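See below for the structure under consideration.
The values are calculated or read from the model by the stated rules, or taken from the named source; none is laboratory data. This is a predicted model, so every value here is computed, not measured. Cβ: placed from backbone, ideal geometry, glycine included. Neighbour counts: every protein chain shown. The protein model used for the area step is the full one, side chains on, heavy atoms only, and it has no ligands, DNA or RNA in it. Shrake-Rupley method; radii C 1.70, N 1.55, O 1.52, S 1.80 Å.
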Amino acid sequence: MATQLSSCSSTSSSPSAFIFSSLLNNEATLFRKFIIFPRKKHNPSWVCQVGSRNHGMKHFKLKSSNGHPLNVVSSNDGIAANPMTKDQSEPEEKIFSFSEQENEDSTISITVVGASGDLAKKKIFPALFALYYDDYLPKNFIVFGYARTKMSDEELRNVVSRTLTCRIDKRENCEDKMNEFLKRCFYHSGQYNSEEDFVELDNKLKEKEAGKIARRLFYLSVPPNIFVDVVRCASLKASSGSGWTRVIVEKPFGRDSESSGELTRCLKQYLAEDQIFRIDHYLGKELVENLSVLRFSNLVFEPLWSRNYIRNVQIIFSEDFGTEGRGGYFDNYGIIRDIMQNHLIQILALFAMETPVSLDAEDVRNEKVKVLKSMRPLLLEDVVVGQYKGHSKGGKSYPAYTDDPTVPNGSLTPTFAAAALFIDNARWDGVPFLMKAGKALHTRRAEIRVQFRHVPGNLYKRNFGTDLDKATNELVLHVQPDEAIYLKINNKVLGLGMRLDRSDLNLLYRARYPREIPDAYERLVLDAIEGERRLFIRSDELDAAWTLFTPLLNELEVKKIAPELYPYGSRGPVGAHYLAAKHNVRWGDLSGDD
């Protein structure tokens, strides 16, 4: 069943007129300045942080995820897209560092739409509290929950308080910080398609903002069929009249090229592209963020990052549990749409992109789009799909996917998929990028594995026997759990004689960095507040990703390809091993060397 999108049409005032007038009202009021949020000073991430933070700063140097000391948000969001709003005679805008007094005149208002749902309770509110606990939020901020569920402010606070936790390195009284945060949380009940209810929300926001310059962020933690209704109501009736308005949209962004394009078209009736923040939480994970740092800031890796030295790349995602009651949702999408088309293809694009001109969002995203557009069409013969079946082990029974009461009988929806992808450009020509994702497998992991070519004329090949794969170097980035980076190398075993061993040069994060690793949602919410778009998906990125996968998905559904069954808790379908062997690759996560 395809995702049903709300009608783009509205009986309200013209959307295009709204965008134009809203941009004029929202942006011109700020005289095209840049706004800087106060944040306590942090040292660069690669320097051990010693000593207390500087609390006495009058001006703030801040770093967003691109590493620049900007932490700025252009109050000109969206204006460049409309030439009628841009004064061509104006000089180039400059970055200003606002004083604490100027910051007193503005506030951040974060509205979590769908506040009664699991994502909001388990991820979004805890992420906001973590940012508050670490002093990443400005002095003036409020959080509103919005949902259809009837609830008071106090009831919301009770619900939220059950999911809040403090950092391991407690520096302040956790209970006091929680109470202070919860006092800033409020709730408004309303329908997602009711402009009247959003007018009431707007009035409550204005009351809490108390006449300050209002910068509003809406987080859409709702099903995709509600996106357009919420955006229409929020943009027309609850946008900021003095500052910017931004919207974070959760995946899925459609289920194929057509539905994704329709969703984008509908959203753009009410929002400019740079007001839309399409979130993929995998892009906010620490190891994915570190991928470009590892490559572009280490001379030892960048020269090797090509077909000349890399034999294959593997991007692996596995979960050791099934759909667990989410079968109804999952059955409409399947593992390819749910994991591959977004999480894994985004990682691939980051890994394979050319060196961007800078770390600015548009430069990075331009390079990612080039990778996606260079990819060879995905053929059915280079794909294996599977579905987990019931299994008994150690006296315990594990259910099949179709045993889930929310899954239709006889469903052919894959819970596992493996694919071989190729990038037809000069850097990666002929290098297989193997990707696999699955549920109910033997372990939980997400990782990137880079297997290098054999050493030409290796002097020590006799010491490795006939299996030369054991003599090749491999770079592994463990995204989750147990975040780590390690490089497999060959070395001589201690002692007389010449016996070689394969060892790891290992950076285990929990050993090197005792501080708790921030959740991906913390980084992405903070970036959205700051206007840093590098880790969010642009519409043409989305189009290119769907263009790659839609023909395959259509072929699977039209031909009713039956997935290969694999036991719950196993290593997946046998067909995945044959697929790898076809391209002269051995899955690195099954070698037993880890």
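Hey, can you find the accessible area per residue of region 106-250 for me, probe 1.4 Å, expressed in square angstrom? Don't skip to the end; give the middle numbers.
Details: 5370 Å² over 145 residues.
For region 106-250, the per-residue accessible area is 37 Å².
Quick one: pull the percent of accessible area on region 106-250 belonging to carbon and sulfur, 1.4 Å probe, ligands and nucleic acids left out.
Working: 2430 of 5370 Å².
Here it works out to 45 percent.
For the ranges 417-423, 567-573, what's the packing order if you count other beta-carbon atoms within 10 Å of each residue, average per peptide, and put the highest first? Present the calculation step by step, with values, prior to reporting the outcome.
Working: 417-423: 24.0, 567-573: 20.9.
Peptide ranking by packing, descending: 417-423, 567-573.
Between residue 199 and residue 332, what is the label-to-label distance in nm when each label sits 7 Å out along the Cα-to-Cβ direction?
3.1 nm
Treat each spin label as a single point 7 Å out from the Cα along the C-beta direction, and report the residue 296 to residue 517 distance in nm.
2.1 nm
Could you list, in their original order, any pairs among 285/393; 177/208; 123/206; 150/204 whose Cα atoms are separated by more than 23 Å?
Details: 285/393 34 Å; 177/208 20 Å; 123/206 26 Å; 150/204 16 Å.
Checking Cα-Cα distances, 285/393; 123/206 exceed 23 Å.
How do 558, 300 rank by accessible surface area computed with a 1.4 Å probe, from largest to smallest? Numbers along the way, then the final one.
Values: 558 120, 300 95 Å².
Ranking 558, 300 by accessible area, largest first, yields 558, 300.
Among the listed pairs 251/370; 268/559; 121/370; 389/560, give every one whose C-alpha distance is greater than 25 Å. Kindly include the intermediate steps, with their values, before the conclusion.
On the way: 251/370 22 Å; 268/559 35 Å; 121/370 37 Å; 389/560 18 Å.
Over 25 Å apart, Cα to Cα: 268/559; 121/370.
What ranking, highest mean first, results for peptides 373-381, 511-519 when packing means the other Cβ atoms within 10 Å averaged over each residue? If you can, show how the numbers build up before the last one.
Details: 373-381: 15.1, 511-519: 13.0.
Going from most to least packed, we get 373-381, 511-519.
Just reorder 507, 205, 494 by solvent-accessible area, largest first, 1.4 Å probe, all chains present.
Details: 507 55, 205 0, 494 175 Å².
Result, largest first: 494, 507, 205.
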